[in-house]
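*Asks:* One structure, pasted below without further comment.
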Amino acid sequence: MDIHKIMSGYTPGMENILNILHDLQDAHPMNYLPEHTLREVARYLNTTLSSVYGVIGYYTMLSTKPRARHIIRVCQSPVCHLMGTNTVVEALRKHLGVGLNEPTPDGLFWVELSECTGTCEVAPAIMIDREIYGDLSENAIGNIISMIREKSGKVKKEAGH
Amino acid sequence: MIKENRIVLKNLGLIDPERIDDYISAGGYESFKKALRMEPDEIIDEIIESGLRGRGGAGFSTGLKERFTSEACLACENRYIICNADEGEPGTFKDRIIMENDPHMYLEGMMIAALAIQATRGYIYIRGEYYRSIERTQKALEDMRSRNILGDNILGTGMSFDIEIKRGAGSYLCGEELTLIESLEGKRGYPRIKPPFPAEKGLWGFPTLMNNVESFACIPPIISNGSMWYSSLGTKTSPGTKIFTISGPVRKPGFYEVELGVTLRGLIFDLAGGMVEGKKFKAAVLGGAAGTFVDESLLDEPLGFDEMKEKGATLGSGAIIVMDETMSIWEMLNSILRFFEHESCGKCIPCRIGSKHLLKLMQEVKNSKNGKGLLTGNLVAQAEIMARTSLCPLGQSHILPIRSAVQYFPEVK
């Protein structure tokens, strides 16, 4: 990814730091912000590396540790909790073979808890990358995971040709 | 049988949210054109007289906020307008519905408010998880620029004004107005001490008007139809319509725009279709985590800002989380307190330590065989101390669900 091309979409002011960090993180195949990238951000915004880390440390959507290709956010806020967050986490553990905050061995999925995703009408809900999946049951979760696995298998195959 | 009265959501499902032409053919931007022919003060008077109260949860007069901002620091070279789209209150998703389905509605309201306070620049702070809202708003802004509704010399009037989107990155607290400003400036989301309020010293120290998405979306209809029309809707002290979002074990969870003064019974049993098969209504949490528990004794009370306050309840953001008889009040309260503990920023000690302490007390309440009453009394007392001593609304919120749970549900004691 071209760090500088992404940053140049914004004027070099601190008010753009979150937009810049989001774009950089989204562009990284492992959905995180490596230190060498952050050094460039600090230089571009004319600030220190520690203050960039300071900002990132506050916000739960930003990560300085490698995650995976697809981020699964499981809503644990009161409505989803009431409607079955625990069932969702267990179903994901069953279908992916991993718990929270660790990547699947193939590097495809990473599951983390999140606060209210604002989709309470379909609780319990999860967010996979940019999409919301709601009214979840164990079966539904299995189908969603297979669908995404299949899709990324195809993408890999096509890229190989 | 009550009915919806869609004013803010009048175009929902009828237009393509990504096509500005659809919005314009539905009468869109006529209110903005009308406002362009009005004096800024006239616009503000109209909004004050409509009685519109902030839809983010606090219920402060939207028009008065505009007046304060327009009158602050006349020598200042900048005056900002911010749309608070950092919707994060559990149980609340009304702003997402507006942004995803009819983004021009709130943007037109924001343009009118910008005219009223003579704003030099606008920002929309949207929570990072709301990808579709961000995309739809981005598309709407581009279309507005291409139609010269935004940018330089707008519609040939000499007005120049632009709006940009800032993405949040996962923080409930950033929905609090002064914290949002800190975050927008590129800092950690720590709240500021108020006063000064944003109207006086907001973004980069300049006068700033901040309104919620739904509040802005109420403005175009008020300008086209007049304040008299608007204030005739709803109740005397809470005029207009409100989008309620209903979740939990009801047949048709979702969003419903109704006139204020509606009852919970009407919302839950008429519009949302009642409880799912075989379940019995037990409780509702009104206004989200920073809200209040109510029992069936409040089902027939009119919903309004002041009406609810009198009953020790809140209207808040319009969230209604329904609970059935199999669900535990303790479990829900514990989930709410866990949420606050997670979102407490740590800047002030009462909230940082208090949030953890309350969770510990909750465990003690659960494990206690007798003497529960004493423990819940302690829980209320500690939350009251937090409410008095915390810096920002987050630490002042714990008391709301705790006190109301104890008030309405003897099982908690």
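*Asks:* Taking the stated definitions as given, is B:G291 open to solvent by 10 Å² or more (accessible area, probe 1.4 Å) and among the small types (G, A, S)?
*Replies:* Here the answer is no, as B:G291 does not meet what is asked.
*Asks:* A follow-up question, please. May I ask you to list the residues in region A:59-76 that are without any contact (Cβ under 8 Å) to a residue 60 or more places away in the chain and farther than 13 Å from B:G170 by Cα?
*Replies:* A:T64, A:K65, A:P66, A:R67, A:A68, A:I71, A:I72, A:V74, A:Q76
*Asks:* For the subset of region B:92-133 comprising residues that are under 26 Å from B:S171 (Cα atoms) and of a type in the set (V, I, T), which member is nearest to the other protein chains (Cβ to nearest Cβ)?
*Replies:* B:T92
*Asks:* Please pick out the residue among A:G153, A:G99, A:G134 that is of a type outside the set (F, W, Y), surrounded by fewer than 18 Cβ atoms within 10 Å (Cβ to Cβ) and under 18 Å from the mean Cα position of the chain (by Cα).
*Replies:* Exactly one residue qualifies, and that residue is A:G99.
*Asks:* Which of the residues that make up region A:88-103 are touching a strand residue (DSSP E or B) at 6+ places or on another chain (Cβ under 7 Å), within 29 Å of B:G288 (Cα to Cα) and not in a loop (DSSP other than H, G, I, E, B)?
*Replies:* Matches in region A:88-103: A:V88, A:V89, A:L92.
*Asks:* Any idea which of B:M332, B:M308, B:M323 is within 14 Å of chain A (Cβ to nearest Cβ), open to solvent by less than 10 Å² (accessible area, probe 1.4 Å) and in a helix (DSSP H, G or I)?
*Replies:* B:M332
*Asks:* In the set B:S247, B:S231, B:S227, which member is open to solvent by less than 30 Å² (accessible area, probe 1.4 Å), touching a Ser or Thr at 6+ places or on another chain (Cβ under 6 Å), of a type in the set (S, T, N, Q) and under 24 Å from B:V8 (Cα atoms)?
*Replies:* Exactly one of B:S247, B:S231, B:S227 is open to solvent by less than 30 Å² (accessible area, probe 1.4 Å), touching a Ser or Thr at 6+ places or on another chain (Cβ under 6 Å), of a type in the set (S, T, N, Q) and under 24 Å from B:V8 (Cα atoms), namely B:S227.
*Asks:* When region A:12-41 is examined, which residues are found to be farther than 19 Å from B:K166 by Cα and in a helix (DSSP H, G or I)?
*Replies:* A:E35, A:H36, A:T37, A:L38, A:R39, A:E40
*Asks:* Filtering region B:47-65 down to residues that are within 19 Å of B:G287 (Cα to Cα) and among the charged types (D, E, K, R), which residue is surrounded by the fewest Cβ atoms within 10 Å (Cβ to Cβ)?
*Replies:* Applying the filter and picking the extreme gives B:R53.
*Asks:* Residues to consider are A:N86, A:N46, A:N31, A:N19; find the one that is farther than 30 Å from B:I321 by Cα and free of Cβ contacts under 8 Å to residues at least 12 places away in the same chain.
*Replies:* A:N19
*Asks:* Where in region B:224-300 are there strands (runs of 3 or more DSSP E), lying wholly inside it, with at least 1 residues that are touching a Gly at 6+ places or on another chain (Cβ under 6 Å)?
*Replies:* Filter on region B:224-300 gives B:241-247, B:254-259, B:281-286.
*Asks:* Residues in region B:372-379: is at least one out of contact with any helix residue (DSSP H, G or I) (no Cβ under 9 Å at 6 or more places or on another chain) and either assigned by TED's automatic domain parsing to the domain that holds B:G261 or of a type in the set (A, V, I, L, M, F, W, C) (or both)?
*Replies:* Yes, some residue in region B:372-379 is out of contact with any helix residue (DSSP H, G or I) (no Cβ under 9 Å at 6 or more places or on another chain) and either assigned by TED's automatic domain parsing to the domain that holds B:G261 or of a type in the set (A, V, I, L, M, F, W, C) (or both).
*Asks:* Within region B:132-145, work out how many residues are touching a residue at least 40 places away in the same chain (Cβ under 8 Å) and open to solvent by 10 Å² or more (accessible area, probe 1.4 Å).
*Replies:* Going through region B:132-145 one residue at a time, the tally reaches 3.
*Asks:* Step by step: first the residues of region B:172-188, then only those that are buried (at least 22 other Cβ atoms within 10 Å of the Cβ) and touching a Phe, Trp or Tyr at 6+ places or on another chain (Cβ under 6 Å), then the one that is farthest from B:G288 (Cα to Cα). Which residue is that?
*Replies:* Ranking the candidates gives B:L184 first.
*Asks:* Hey, another quick one. Please work out which one of (1) closer than 30 Å to B:L337 by Cα; (2) in contact with a helix residue (DSSP H, G or I) (Cβ under 6 Å, 6 or more places away or on another chain); (3) open to solvent by 50 Å² or more (accessible area, probe 1.4 Å) is the condition A:K94 fails and give its number.
*Replies:* (2)
*Asks:* Restricting the first residue to region A:140-152 and requiring it to be in the same structural domain as A:R93 (by TED's automatic domain parsing) and assigned to a helix (DSSP H, G or I), which pairs with a second residue that is among the aliphatic types (A, V, I, L, M) and modelled with pLDDT of 95 or more meet a Cβ separation below 6 Å and a spacing of at least six or different chains?
*Replies:* If the second residue must be among the aliphatic types (A, V, I, L, M) and modelled with pLDDT of 95 or more, the pairs left are A:I141/A:A91.
*Asks:* Among the numbered conditions (1) buried (at least 22 other Cβ atoms within 10 Å of the Cβ); (2) of a type outside the set (K, R); (3) part of a helix (DSSP H, G or I), tell me where B:E129 comes up short.
*Replies:* B:E129 satisfies all of (1) buried (at least 22 other Cβ atoms within 10 Å of the Cβ); (2) of a type outside the set (K, R); (3) part of a helix (DSSP H, G or I) except (3).
*Asks:* Kindly state which helices (runs of 4 or more DSSP H) lie completely within region B:27-84 and contain at least 2 residues that are within 22 Å of the chain's Cα centre (by Cα).
*Replies:* Of the helices (runs of 4 or more DSSP H) lying wholly inside region B:27-84, those with at least 2 residues that are within 22 Å of the chain's Cα centre (by Cα) span B:40-50, B:62-71.
*Asks:* Can you give me the number of residues within region B:179-212 that are in a loop (DSSP other than H, G, I, E, B) and within 14 Å of chain A (Cβ to nearest Cβ)?
*Replies:* 9
*Asks:* If you go through region A:52-108, how many residues are closer than 30 Å to B:L184 by Cβ and of a type in the set (V, I, T)?
*Replies:* Total meeting the criteria: 9.
*Asks:* So B:K372 fits all but one of (1) closer than 25 Å to A:C116 by Cα; (2) surrounded by 16 or more Cβ atoms within 10 Å (Cβ to Cβ); what number is the exception?
*Replies:* Unmet condition: (1).
*Asks:* When you go through (1) surrounded by fewer than 20 Cβ atoms within 10 Å (Cβ to Cβ); (2) more than 10 Å from chain A (Cβ to nearest Cβ) one by one for B:E259, which number turns out not to apply?
*Replies:* B:E259 satisfies every listed condition except (1).
*Asks:* Please tell me if A:T64 is farther than 28 Å from B:I82 by Cα, more than 15 Å from the chain's Cα centre (by Cα) and among the β-branched types (V, I, T).
*Replies:* Here the answer is no, as A:T64 does not meet what is asked.
*Asks:* If you don't mind, another one. I need a count of the residues in region A:60-87 that are assigned to a loop (DSSP other than H, G, I, E, B) and either touching a Ser or Thr at 6+ places or on another chain (Cβ under 6 Å) or open to solvent by 60 Å² or more (accessible area, probe 1.4 Å) (or both).
*Replies:* Total satisfying the criteria: 5.
The values are calculated or read from the model by the stated rules, or taken from the named source; none is laboratory data. A quick note: this is a predicted structure, and the numbers were derived from the prediction, not measured. Neighbour counts run over all protein chains shown; Cβ positions are idealised from the backbone, glycine included. When the accessible area is computed, the model is the full protein with side chains, heavy atoms only, and any ligands, DNA or RNA have been set aside. Shrake-Rupley method; radii C 1.70, N 1.55, O 1.52, S 1.80 Å.
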